[in-house]
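Here the structure is laid out as structure tokens; the discussion comes afterwards.
Just so it is clear, none of the values below were taken in a lab; they were calculated from the coordinates. Just so it is clear, the structure is predicted and the values come from calculations on it, not from any experiment. Here the Cβ is made from the backbone with ideal geometry for all residues, glycine too, and neighbour counts use every protein chain on show.
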Amino acid sequence: MLAILHDWVVTVDHKRLGIMYVVTGFVFLVIGGVEAALMRLQLAWPGLTVVPADTFNRLFTLHGTTMVFLFGIPIVFGFGNYLVPLMIGSRDLAFPRLNAFGFWMLVFGGALLYFSFIGGDGLYGSGSAPAVGWFAYAPLTERAFTPGNATDYWNLSILITGVGTVATAINLIATIATMRAPGMTLGRMPVYVWTMLTVSGMTVLILPPLTAAQIMLLLDRFLGAHYFDTQAGGSAILWQHFFWFFGHPEVYILMVPGFGFASEIIPVFSRKVIFGYATLVVATLGIGAVSMSVWAHHMFTVGMGATLNSFFAISSMLVGVPTGVKIFNWLATMYGGKLRFRVAMLFCCAFLFQFLCAGLTGIMLAVAPFDWQLTDSYFVVAHFHFVLLGGLLFTIFAAIYYWFPKATGRMLSERLGRWHFWLLVVGFNLTFVTMHFPGVLGMPRRIYTYPADRGWDLLNLVTTAGVPLQAAAVLIFLFNVVYSLRHGAPAGDNPWEAWTLEWATSSPPPVYNFATLPPVTSRRPLWDVQHPDDPDGPHE
Amino acid sequence: MNSTAARGRAGVIGFIVAEMSLFAVFVVAYLFYIGKSATGPYPREVLDLPIVNTVCLLSSSITVALATRALAAGRIARAGAWLFVTVVLGLAFLAGTAQEWRRLIVERGLTIGTNLFGSTFYPLVGLHASHVIVGLVMLSLCVVFAFSGALKAVHRERVELVSWYWHFVDGVWVVVFTVVYVVGR
């Protein structure tokens, strides 16, 4: 037992680190989910006192920080870790030890954030967690307004996980750039590898600015600098620019690998090649490029002036174009295909619909005057969760149902999977479709309770009613994982009759990944092996 | 192609891009706060052009390039000598910065908390100086290895990568110099 633990702790194998990333992500998903459930309980009806106001502030701060930095990022880079080397036919990442470093930095940062419960106010009193919100606007974060150490734990946690994430991103770029198998040209890489290359590039460009802003905040808090100290002439707006220059592309860093999952799974379960590979790749790179010039659409209400507002409104709408291209790619892939509605495919279908809705509310919010009305309302919260749950979480589950057999050698139960899927679809839509309406009726985010006469009460009750369904779905999923690890049907090398290189090796793959690689002469090397009479190459 | 070398180059390029992004934000913050200090001392009153410093640091880029060239030609001792000169030039730069800071803090009373100029000046110049220190640690190790005999011609790719980092640190100084001592003064 101890030997197994030791093996996992000291490992530098990309597959083990990938699995550890994903498991860590799910631990934090459960923690962040419990925080969300507590908030929904508190808001279910006017005037409840499930949690006091202070605690509510801490809950939404930790929920946001946990879900973005400790669930989203580990999942994205965990899958990247596991899949990228297998998909491009390499034995590991370029820098295996740097990879382990990145993972353990993340674990340390996560532990530091949750240690704030104990250490936030120096162990006297009841202890505390940060209560500044996940984007921690200045000058609230200055020493004068949040004394004690809770904010510092938030700050250091993000700084430390950020360093690990940048290290892993650089690692992935170096791997994709220099370690592809013979024949695996850039134009033959799976779309998922393209998405990881894009988000790794984005990470290298946009995470260091967040690190810089956190260093400035540390200097303000500990050495008396005035970067964001408004009383000494510092600018609160500057923090918003720095944070959202990171924060908005970050949403795409989380989301774009989800597009990659869909681009791998939908063709396999439609029994067709992906429609418009080149446009998908260009759209991915386009999203990456444009998403770095949209950040100030989070700031329409700070008074930037008409010129800047127009610029950011237009650039934000522009992101809709490559994203729309992708939706058509996926639909056209399914069109006329022999569809197999396994659980992974079901999650992709729900993703297509829900992500489209999320994109449409995104276009609405990009219109500056519309945003003036609804910014900081539950409409924004609903939009954001539609993107990250309806879009990202659903593709993550699709990916787990799809690649779990490869990672473990066992199939997940389809029966439990369907329960998981339908409970999550119903629960998610119940909660987050409904959540749009109190926002339109003027309910601001981050309030711990509200008066009874606003017409928000029933809507909030319905919103909360979706929570137990989603919780049950996640519990069924966790049970499915644990159960299938022991009792699942053996998977074999290629249970889905898929085409990319990871299915060419055994399940689970050996430490060295591939004893021999099939020749790579097209985008679907395994198809070519199975159909030597009709290889893909001439058609591409 | 030697794939270890290719990996190393890709990694260092990625690292340098990330570092550029980090510096860019400190530079933006400095530019944003130019002329916004509510109280003195102001840059015009207290900053002198660090000409000697700049000459030392920029010429160290040349010496480190000479070192890698000598190593590629298999002349280890010559490479070690040039690396040593690079370290000395880097140390001279750091000494100059230390002297400047001592003068600003002790004689002119400018600290990080005095005004916005101090708040943005020390972190920007200090961030660069800390990168100089990291570079000097790596270069000093190369010097030690050169004279202990551990450094061989096969290591030229690695020393080359250290030199890339050092060129980057030099390049950042050109930006910092322009922003702090030319534009901001």
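Annotations
- Amide H contacts of A:R410: A:A491, each under 5 Å away and 5 or more positions distant or on a separate chain (H built 1.01 Å from N in the peptide plane; Pro and chain starts excluded).
- Placing a label point 7 Å from the Cα of A:L41 along the Cα-to-Cβ direction, the residues of region A:56-83 whose backbone N falls under 16 Å from that point are A:56-60, A:63.
- With Cα atoms, 0 to 90° folded angle of helix A:150-178 axis to chain A main axis: 20 degrees
- Set of aspartates and glutamates near A:K272 by C-alpha distance (under 19 Å), chain-local residues within fewer than 8 positions excluded: A:E264, A:E497, A:E502, A:D528, A:D533, A:D534, A:D536, A:E540
- Relative exposure of B:L139, A:L441, judged by other C-beta atoms within 10 Å (fewest first): A:L441, B:L139
- Bridging of B:K36 to aspartates and glutamates at a Cα separation below 18 Å is possible for A:D220, A:D229, B:E45, once same-chain residues fewer than 8 apart are set aside.
- Listed by Cβ neighbour count within 10 Å, with the fewest neighbours leading, A:Y448, A:Y401 appear as A:Y448, A:Y401.
- Using alpha-carbon coordinates, inclination of helix A:53-65 to the longest axis of chain A, degrees: 30 degrees
- Residue-by-residue Karplus 3J(HN,Hα) for region A:366-376, coefficients 6.51, -1.76, 1.60, Hz, glycine and proline x: 6, 6, 3, x, 4, 5, 4, 6, 10, 4, 6
- Going from the fewest other Cβ atoms within 10 Å to the most, the residues A:R418, A:R486 appear in the order A:R486, A:R418.
- Span-like helix ranges in chain B, DSSP H, alpha carbon extent 27 angstrom or more, Kyte mean at least 1.6: B:116-148
- As a size descriptor, the averaged projected area of the C-alpha convex hull of region A:13-146 was calculated at 10.3 nm².
- The angle separating the long axis of helix A:277-290 from the principal Cα axis of greatest extent in chain A is about 20 degrees.
- Here the label points at A:V321 and A:L360, each 7 Å from Cα along the C-beta direction, are separated by 2.2 nm in the simple model.
- Mean Cβ neighbour count within 10 Å, used as a protection proxy, ranking B:122-133, B:38-49 highest first: B:122-133, B:38-49
- Both radii were evaluated on the Cα set of chain A; the Rg over Rh quotient, with Rh as the Kirkwood radius, amounts to 0.96.
- Note on A:A472/B:V183: beta-carbon distance plugged into 1/(1 + (r/R0)^6) with R0 of 56 Å gives a FRET efficiency of 0.40.
- Separation in nanometres of the label points that stand 7 Å from Cα toward Cβ, at A:V12 and A:Y137: 4.6 nm
- Per residue of peptide A:302-312, the mean number of Cβ atoms on other chains within 10 Å of the residue Cβ is 0.
- Region B:3-183 - Kirkwood radius from inverse mean 1/r over Cα pairs (Å): 17.4 Å
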